Structures are given as structure tokens and as C-alpha cells.
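Scroll down for the structure; my scribbles are underneath it.
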There are 2 protein chains.
Amino acid sequence: MDLYDKISDLGKRRGLFFPAFEIYGGMSGFFNYGPIGSHLKRNIEDAWRQLFVHGEGMVELESTLIMPEQVFQASGHLSHFTDILTKCADCGRAYRVDHLLVERGVPCPEGLTAKALENLLRESGSRCPECDGSLSTAEPFNLMFQVDIGSYGGALRGYGRPEAGQGQFVDFKRIYASERERLPLGVAQVGRCMRNEIAPRKGPLRLREFTIIDYEVFIDPDDLSYPRIRLLKDRPIRLLTAKDQLAKRDEVMEVTVEEALAEGLVKNEVLCYFMALAVRFLKGLGVPPEKQRFREQLLEERAHYSEQTFDQEVWLDRWGWTEVSGHAYRTDYDLRNHMTHSGVDLRVYKAFDKPRTLVKVQTKPLMESLVEDFGSAEGERIARLLTKTDPSIVARELREKGFYEVTGQYPIRVQPRHVEVTREETEAAGRYFVPHVVEPSFGIDRILYTVLEYAYTERGRRIVLSLPRTIAAVKAAVFPLVRRDGLPEFATHVYRRLVEEDFIVKYDESGSIGRRYARADEIGVPLCITVDYQSLEDETMTLRDLYTWKQVRAEASDLPNRLREYFRGKIEFDVLGTAVTSRK
Amino acid sequence: MDLYDKISDLGKRRGLFFPAFEIYGGMSGFFNYGPIGSHLKRNIEDAWRQLFVHGEGMVELESTLIMPEQVFQASGHLSHFTDILTKCADCGRAYRVDHLLVERGVPCPEGLTAKALENLLRESGSRCPECDGSLSTAEPFNLMFQVDIGSYGGALRGYGRPEAGQGQFVDFKRIYASERERLPLGVAQVGRCMRNEIAPRKGPLRLREFTIIDYEVFIDPDDLSYPRIRLLKDRPIRLLTAKDQLAKRDEVMEVTVEEALAEGLVKNEVLCYFMALAVRFLKGLGVPPEKQRFREQLLEERAHYSEQTFDQEVWLDRWGWTEVSGHAYRTDYDLRNHMTHSGVDLRVYKAFDKPRTLVKVQTKPLMESLVEDFGSAEGERIARLLTKTDPSIVARELREKGFYEVTGQYPIRVQPRHVEVTREETEAAGRYFVPHVVEPSFGIDRILYTVLEYAYTERGRRIVLSLPRTIAAVKAAVFPLVRRDGLPEFATHVYRRLVEEDFIVKYDESGSIGRRYARADEIGVPLCITVDYQSLEDETMTLRDLYTWKQVRAEASDLPNRLREYFRGKIEFDVLGTAVTSRK
């Protein structure tokens, strides 16, 4: 049994996590969280909120999971969020082409077109792994779950969101206004997402339904600074750059936040600040910094919207380096495209201190060449979309990339010959611009699993789940030493008192004290509180520490307040009472 | 503007809630929560958890939203969770038949079959409200969102869950085992659900995607007691019984919990206990008990699984009495049907103190009559399902109802002639049984809206959202009196200190103090903390109370600990400092 097997076993046995719909045979990519797991998960989410949202003075949103087709036309998910599949001509089973190729040892770089993959597939001579039938075609398959909204008369197409962030983009104007038009403005969303993965393996790491934290930090592209970075500038951060990966140097370099920025390794302060905060976050969850690294994504790996992306990876026993968060510089991609598709101006306005001379860019779609290349109806539609776009962005993209991509059912590349760009100097009191976005994004299911791996220890034949006390699901267990002489009554009183003070506590009176300790250790209960005969006399109790198994004797009075400090990580176990020589 | 309009307006302006996908024109039945709303929502959920889960020593589950078809075949949702629709023969638009009838003043009792509704529709002479086309048919339309799981080769059908509770039923065995086989065992789930409502109106009250708390309390059918009921036995509870409704007496009777049980108005202690707790819950959220009542559902209103259901209703300004929670006695319906469909034994075992003589029931499907009535293949399938069911339940249902209903794509009623029942006395050391379930179920979106209605007040031209301090989204706002002389620096220091103590705090230095108070009042910030010149000398600050606008002068030292007590509702505003004569 490797560590994953051990944790899965513990997960099923003690209510951490287990496959969904087990009684119906389960279905890969779907997991549920039991009593301990669901609580631990929420504590991890709250720890994230405390650090990234409340600590930074930022905010949160809760948007729907189902969103209409227009949203994903604009976001590019309809055209880009696909896997390339092949289908057996005989048995009809479907496979991911890249998986088949990798299994046959054919190198398969990401980002290849369906056509290119089909060629590789044919060259490799692959056949259906199940029935040996022929595999001849390769087609893109969209990974979103599609739903019909409304009745059979007038249903509209919608999709389960594959990421949460589109909520923030679509609602940007509302939130920007209610937050009194400040930038940088971080808007987080903690919620479920859905992806129709073809053949998800890797247990709880590759899910069809999962919890994501998408954190969209809107910034002024002319001011990518983040003043609070001075607080973290000396923090070390471990990078594996794209450049080093291309040169086959897979060695991590450790630099400070300040150095990473000075050397241009990370593109801007906001991106870098939250990467450093992500290291602190995982450290707080029990993952040592040396078991973390940021791997920069190569050009061909990057999502369609990103200018620079780092994957925060952690070392896992079975799977090696595994992504648990992504840090992408999404630029103005999303807001710009929602602006184009909705026709709603999503730009913000910033007044200058005094009027300035600006270059005002204007664009005019050239109908003749649009119609020539796309046909009459489509040419007109593209022209309409272009007029709703920020002209300065169209001009910039045409200049920098040689084309401007319009999202939709399929992506359209507008060329310089399709648009006339004019520039004019004007006096302006301020400027309109589409905010840029830096997006740290965390996979909570993976992080939870990672936390379990780093907390899992064995002492002799006993499992001890050394969860950090700040996130432990159950904070304390209360035991009467024996089940008689009024000890259960007093222990129940202690238990109720802690419950009323809002602690998550378990009461357990069955079996020997040793077995009760063992049960508590398995689910990572930081404190075990035992009531004994002495308790009846002087209201003191024995507190036992999960991590060291040390014991102290503490008084009942004022215990709640001190425990509160203890579970917030402000005071240590030793000061909760006077040391007791462990009687084992 | 009525109260709903005012709250909607405030909701949009201050980030409470607003229609989803507004920039794409919105879509009825989808709402989002902004920065203040999402936080308030979470606080309401946590208040519920504290009361119903942690306070009762119960647990929680987090299961997937998408579930495979088998789950809803077993649960009865595939066959029962439908609206009856008609479709215009000309324009193709679809309508709910009951809505059309009610709009024409035709009385339309719930629970009518499609055929009966079609007749009423024809008799009423209804035509398409949009194009005056003919409406001739009426057909059931399932309200679940359907999805395909997997790729085009081998997709499996699944559905977005219309209620959360099926997760608890499907996972019952795991949770029962990890909770060491105790009953009663309450398993809660707070999560998103989806219903493809035909034409949802009523803004945030009728949603296609919503947050539900389904609380499945598993109990021993031979012991429906709940010892903690003694704590609430004298609590008043306001009932509108089915009997009184049938007799057209719409007057609420107020009885104590004890009386409700003694008079048989509420079927069991568990059901009644959590109803009383629900009153306390809403009261803590600011809804006075006299604005709450429990309306017993009439036989024809009740869901297919329920033996007795009470709707907890609250009085809303625009909509009158409105359901915010439902309290159903689901009996063994769900576990029994999942047992039948999965073939997994979901019964639990309880040992007797000493062996007892039991009547052991056995059932044998009678193939001849099954085949005669259902055909050969279907008859055999039904026989297979019957053998997986708890025989004592089949026998009981046949005796009490005259049939036993098997769930599935459509419901099947097995008659006494299809089954042979034998009874035999045996000596047994214990018994196997399918637990019964009491289900309190809360609509969080409706509750949040209700909370806003009861918190909304106007003082002169100012809006004051008097949210209970225990659930307020932002707990305190910190203001420097003026923007100079070191006051902003000191106020920022106070702000950061509170943030580090995990309080949700806003810092605001723009505009007059009066405007800042007004902004804080609109989103229900319980405390405004103002730093002035005196603060620089003696580290005292002015605290202003949201509810009374009274002020006290408090010292910075020990403030966090006292605020913690204050926000937990343990101490009152007056004791936070020494009274200040309000200077307005």
C-alpha cells in the first residue's frame, strides 16, 4: 500500500472522502466528503479567505454554476475548451488521442490541432485498446456539461461552468461600482465547477466536479504595482522557469520575491505577491516550502487567455510534482471579450490630475475584405462585434500579434486588412481602459488531499493525522476516564460548555482511554480532554496534545478563551496548563 | 416602490444580490450574490450549522451535484418530479397548465394527473397567451437538468440534483459506519441544487439554481424519541393544521411543543424538535416568531415520499405567507428504494438486551401474475427488484395501502396478488431495519431575502439595514475623523489590528463622517469606530451602534476580545465603553 492507498482507506473508514454513488458502482471523477472531510474542506477554504480576501481588504462573489451559452462564446470556452478524441469504428468507444499516443510511447506535445493528432495517431498504428477496431478520426470534444434551460418549447442552451472566474468578469461592473471603483480589486469565488473529463483517473485529483477558488484581481494595466509587496519582498520563492525547462534544466531556482521581479522572471507585482502568499498558505496547511515549487507553463501549455502562468506544484507520494494552484496573468482577455459579445462597455474611467494629451485610437471594419474572406452574413456579424470592442485593444493586438481574435462558437482571426486603424491626438481629462486581470486559482480538492498526505503519519501501528490545529475538523474530544461515579456527567458538562462556546467537539465514552485516543488521532483531533476523579474535586482536566502526545493539567475556568487563542495559533500547547508526566 | 423593490435596488447598488448575467440580458431564476450578500449568506449558513449540527452533535456531508440516473430512478424523481406542460400548436411556446388555469380563474388543486389537467384546459377554452394558438395536449415535463457524463462514445445520463438529500441516502452506510452506528444520526448538507423551473417569477424566491440545506435525521422507527426535546418542550409553536385548512379555518393555533405532540398534531418528537429549533433559528436572524407559522401540507400537496409535512412560512411584504423551510417525515421511503435499486442492504442492526421472539416476514414474487400484468421481461425485472427490498416493508405497504410502489422510470404498483407473504416466528438476538428519516429542509436564498426584509428600515431619508450583529457581513467600519494629522495612520493601525484578529472590517476615509455612517448603515455594519484627535492622546475611540445610533468611548486595549463577545451576542453595546452624548 502506498500513501494514497492508505489515505483512501482512512478516508472511507473515518468519513474523510470516498467515491460518490458507491452503492451504484461509483463513477470515476466523482468524490464525496464525509463528516470530517467536509468540515476540513471548509476550514481550508476559510483559511484561504482569511489570508487572500479579508487580509487584503478584498471581496467575494457567489454566482451561478449554470451559465448561458453566450458567456462561454465570449470567454472562448466553446471553441478552446476541448480535448481531441477518437472513436473506435467497431465498438464505438471514445479515447483521448493524447492518452493513446503517450501510452504507445509517442511524444505528444500539448496544443496540437485535431488534424496533427490524427496524423500522429495514424502513424503510430494505434488501434482500439478494447476491441482492436480501427481508430481513424480525431475530433475536438468540448469538456463542458451542456444543459437545456427552460422547457421543450423554448429551451436555451447553457453549460455548467468549467471555472468560476467567468462570474467575476460578467458581474465586474456591479462589483466595481459597489466597491466604489477601486483598483486593484480582488474578487474571489469559492465554488463548484464541472468538467466532463473523458476518462478521469488519479482518484480525487482529477474530478468531473470539483471545488475551485478563482480569484480575479482587477488591475490598472498602467499600474501593476501592489504596495503590500514590501511585506513579502524577502520571501523565498522556488521557480522552475520556462526557459530552464526548454533548456532541459529541471532544477528549481530559489529567489526572493524582490529578485523574481527585478530579474523579470515573474511579470508583475500582483502576480508575484499572490504567488508568495500561496506559499505561505500551503505552509500554514502543513506543506513545507521545500515541497512546493512554481513551474512556469510553456507557451503551448498556456490557456488561451494567459500571458504568463505559473503552476504551484507540490510533491505527492504517488504522483510526484502535482499542480494545486495556477497563477495566470489573464490580461484584458476576458473583460474585452465580454464587452464585445454583450455590447456593454466594461471599461473603467480614471481621471488625470490635470488634462493630458492622449493618442485616441479608432477602428473601422473594412466591409469589403471582411465579406470577401468570411462571406456576407458572417462578415457583417464580425463587423458588428468589432465595433463593440475597445479600439485601442484591437489596434494593439493587430500590431503585436498580427491578428485580433474574436471569440465565439469558433475563434475568428481578424487581420490588419479587415480593419482601418486611425490615431489622433486629443486633450483628455482622464482615460478609459479595460482592467487587466491576475488570477490565482486554487484546486481545493487537490489541496485537501495534499494536506492529508502531509498530515499522515504512523507511530508504531497507530495512524496519527497531524493536521494543523488551525484547520483541524474536530478541535477537541472530551472523555470521562470511566463510565461511572459521575464522570460522564461532568465530562458531558465540559463538552456542552465547549459546544456553547462554538468549538467543534466530540464526546466519547466508549472503550478504553487508549482506544479513544487512537480514534481521535486518526482524524487529527488536536486536543483530547480527559475528566477523571480529580476533576470532580478541583475542576482540572488532562489535556493531551495530538502532535507530541504530551499532557498538561488545566483548569476549567477560562479554558474557552485560552483554547480560542490556541486554535488560532496564537499560543502553544505547553502554556495551556502544567506539565504532567505521561503515564502512557 | 414596495419593500421588494427597495431591497432589490439596495441589493444591486450595494452588492447584496442581483440578477445573474445582466450584461447578457439576464435569465429568470438565476441570481448572484455580491460581496456583502455572499458573506451574509455564509454567515446564515454557519448560524444554521452551529444550531442544528454542532449544537446537536450531528454531522455534515458534501456530495456531488451531478448524480447518475439510477439515483433518481430510485428516489422517484424521474417519475414524480414533473410539471404538467402544454405547448402551443402554432408558436411552440410551452406553459404550465396549472398556471394557465389559475390565470383564467379555474380552481386547480395540486396533484392532478396530466389527463385531468388536459380536460380542465380544454373545458376552460384556454388559448396561447402569446399568439392565441390552440393548446390541446398536456404532458409531464421533468424538472431536472439533464447532462451527459462522458464522451459521445459511451455517455451516461445524469442529472443536476434537485435536492441535496439524495447524497445522504446514497452514502448512508458509509456515514453510519464512520459515526459508529448511532441513531438518531443527523446528516446535513448545505449546497447548490438545480431545478429547471418553467417560468420562474418571484425574483430571488423561485430560482433555477439555489442553495438548500437538507438535513436528513435517521432514526429508529421503533424509537422516535429525541431526549433533547425536554429543552424546548415549553416553546410555543404556531400551527395551521391540515384539518383546519380543510375546514376553511385559516387561523393559526399556538401550542407548546409538548402540546403539539400530546395532541398528535405533529407526528413525532424528532420532527417537532427541529420545527421548534427552526423557529429559534429564524428568530435569531431577526424574524419575530409572530411572523412565522407552520402550515401542514394537505395530502395532495405532499411530496411522493412524505407521511407528514409542515411548511415553515414567514410573512413577506409583497408575497404574504411564504415557505422558507419544509419539515417532512420521509419514513423509510428513500433508503428502502435505494436498497431495492442498488441491491445493497441498507438496513441497520440493533442487538436486543436478550433474545426475543420476532415475526419474520418473507415475500416471494408470484411470477405468473407479474408476467400476466406486466409482460415477461418487465415482470421478471419487477420480481428482481422485489427480492432486493426489505420484505417486512413490502408486507406492511401491501397491508396498509393495498399496493407496494416500486420507483423507476415510471412508478409501478405491485398488488397483493403479485406477492406471496409468509410470516414465521423466530427467536432473534437483534433486529434488522431500514431507518426512518425526518427531514428539515431550508431554502437559504429565501431565508436571506427574508432576513433583508426584516432588517430593512428607513430613518428619515436614510436606509438602515438592522442585521443581527451575529450574522452581519461586515462587523465594523473604521474611520479617521479627518484625513490628516496622523489620524488615517492611526485608524489604519486600528483597522489592521482588527483584521489580524480575524474580524471582517472596512476602512473608509472618504467623505464626511455622516456620509460614512450612512454608507455603513446601508449594509448593516453593527459598529462604526471613529479615530479622532483624542485617540492620538489616550488611544480611545468612538464606537457607534447601528441599531440605536448611540455612541460609547472605548479603549483600544482588550478591544478585540470584547468585540468577539459582542459579535457572538454575549455582551451588549453599552458595556463596550462609556456613554458619549451623541453630537448627532
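The values are calculated or read from the model by the stated rules, or taken from the named source; none is laboratory data. As the structure is a computational prediction, the values presented were derived from the model and not from experiment. FYI the Cβ positions are ideal-geometry reconstructions off the backbone, even for glycines, and counts take in every protein chain you see. Note: accessible area is taken over every heavy atom of the protein model, side chains too, but ligands, DNA and RNA are not part of it. Shrake-Rupley method; radii C 1.70, N 1.55, O 1.52, S 1.80 Å.
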For the range A:428-524, what is the accessible area per residue in Å² when the probe is 1.4 Å? 35 Å²
I want to make sure I understand the PRE zone here: with the label point 7 angstrom from the Cα of residue A:493 toward its beta carbon, which residues in the range A:528-547 have backbone N atoms less than 14 Å away? A:531-541
Averaged over B:34-41, number of beta-carbon atoms from partner chains that fall within 10 Å: 6
Virtual spin-label span in nm between residue B:388 and residue B:369, 7 Å along Cα→Cβ: 2.4 nm
Give the nm distances, rounded to one decimal, from residue B:364 to the matching residue in every other copy, measuring between label points 7 Å along Cα toward the beta carbon; shortest first. 9.2
Suppose we keep just the DSSP beta bridges with both residues in the protein assembly as shown; what percent of those would be antiparallel, to 5? 90 percent
Roughly what angle does helix B:487-500 make with the longest principal axis of chain B, taking Cα atoms, 0 to 90 degrees, to the nearest 10? 30 degrees
Can you give me the angle between helix B:114-124 and the longest principal axis of chain B, using Cα atoms only, in degrees from 0 to 90, rounded to the nearest 10? 70 degrees
Report the Cα centroid-to-centroid distance between the range B:6-45 and the range A:192-257 in angstrom, as an integer. 30 Å
Grab the Cα-Cα distance for residue B:400 and residue B:538, subtract it from 0.36 nm times how many residues apart they are, and report the gain in nm with one decimal. 41.9 nm
homo-copy label distances at residue A:113 (7 angstrom along Cα-Cβ), nm, one dp, ascending, are 5.9
If you roll a 1.4 angstrom probe over the protein chains with everything in place, what fraction of the accessible area of the protein assembly as shown belongs to carbon and sulfur, to the nearest %? 48 percent
Shielded by partner chains, the range A:138-160 residues - at least 10 Å² of accessible area, 1.4 Å probe, vs chain alone: A:139, A:141, A:145, A:146, A:147, A:148, A:149, A:150, A:151, A:152, A:153, A:156
If you filter the range A:1-83 for GluC sites (Glu not before Pro), then keep DSSP loop positions with at most 14 other Cβ within 10 Å, what is left? none
Expected integer from the mean partner chain Cβ neighbour count at 10 Å over A:192-202 is 3
Give a residue-ordered list of calculated ³J(HN,Hα) values for the range B:353-365 (Karplus: 6.51 cos²θ - 1.76 cosθ + 1.60, θ = phi - 60°; whole Hz; x for Gly, Pro). 5, 9, x, 10, 8, 10, 8, 9, 9, 10, 10, 9, x
Need the per-residue list for the range B:66-91: every residue with at least 50 Å² less accessible surface in the complex of protein chains than in the chain by itself, probe 1.4 Å, sorted by number. B:66, B:68
Within the range B:170-229, which GluC sites (Glu not before Pro) sit in a loop by DSSP and count at most 13 neighbouring Cβ atoms inside 10 Å? B:181
With x for Gly and Pro, the residue-by-residue ³J(HN,Hα) of the range A:447-461, computed from phi through the Karplus equation 6.51 cos²θ - 1.76 cosθ + 1.60 at θ = phi - 60° and given in whole Hz, is 5, 4, 4, 4, 4, 5, 4, 6, 8, 6, 9, 10, 10, x, 8
Once B and A are treated as a pair rather than alone, how much accessible area drops out, both sides summed, in Å² to 100, probe 1.4 Å? 7900 Å²
Quick check: pseudo-label points 7 Å beyond the Cα along Cα→Cβ at residue A:413 and residue B:51, how many nm apart are they? 6.0 nm
Please give the charge dipole size of the range B:463-570, origin at the Cα centre, charges +1 on K and R Cβ atoms and -1 on D and E Cβ atoms. Round to the nearest 20 debye. 440 debye
Placing a label point 7 Å from Cα toward Cβ, how far apart in nm is residue B:492 from its equivalents in the other copies, listed shortest first to one decimal? 5.5
Note on the range B:475-505: residues buried by at least 10 Å² of accessible area once partner chains are added (vs chain on its own, 1.4 Å probe) come out as B:495, B:496, B:499, B:500, B:501, B:502, B:504
Could you work out the mean count of beta carbons from other protein chains within 10 Å of each residue's beta carbon in A:3-13? 1
Surface per residue (accessible, 1.4 Å probe) for the range A:121-274, Å²: 41 Å²
DSSP loop (so not H, G, I, E, B), at most 14 other Cβ within 10 Å: list which trypsin sites (Lys or Arg not before Pro) in the range A:463-521 pass both filters. A:483, A:484
Once R0 is set to 41 Å, what does the formula 1/(1 + (r/R0)^6) return for the Cβ-Cβ distance between residue A:1 and residue B:420, expressed as a FRET efficiency to the nearest 0.05? 0.25
Cα-Cα over 27 Å, subset of B:173/B:360; A:41/A:87; A:267/A:570; B:115/B:388: A:41/A:87; A:267/A:570; B:115/B:388
Using 0.36 nm per residue of separation minus the Cα-Cα distance, give me the extension gain between residue A:518 and residue A:318 in nm, one decimal. 69.4 nm
What number, in percent, do you get for the relative contact order of the range B:505-584 if the mean sequence gap of Cα pairs under 8 Å and at least 6 apart is divided by its residue count? 20 percent
Rounded if a/c is under 1.5, else prolate if a/b is larger than b/c, else oblate: which is the range A:156-282, with a ≥ b ≥ c the root eigenvalues of its Cα gyration tensor? oblate
Between residue A:507 and residues 5 or more places away or on another chain, which pairs have amide H atoms under 5 Å apart, with H built 1.01 Å from N, and which residues are they? A:478
To the nearest 10 degrees, the tilt of helix B:513-522 (Cα long axis) against the first principal axis of the alpha carbons of chain B is 10 degrees
Tell me the mean residue ellipticity at 222 nm calculated for chain B from its helices only (DSSP H runs of n ≥ 4, each -39500 (n - 2.57), averaged over every residue, nearest 500). -9000 deg cm²/dmol
Can you give me the Cα centroid spacing of the range A:322-370 and the range A:96-175 in angstrom? 29 Å
In nm, the gap between the two label points placed 7 Å beyond Cα toward Cβ at residue B:132 and residue B:362 is 7.1 nm
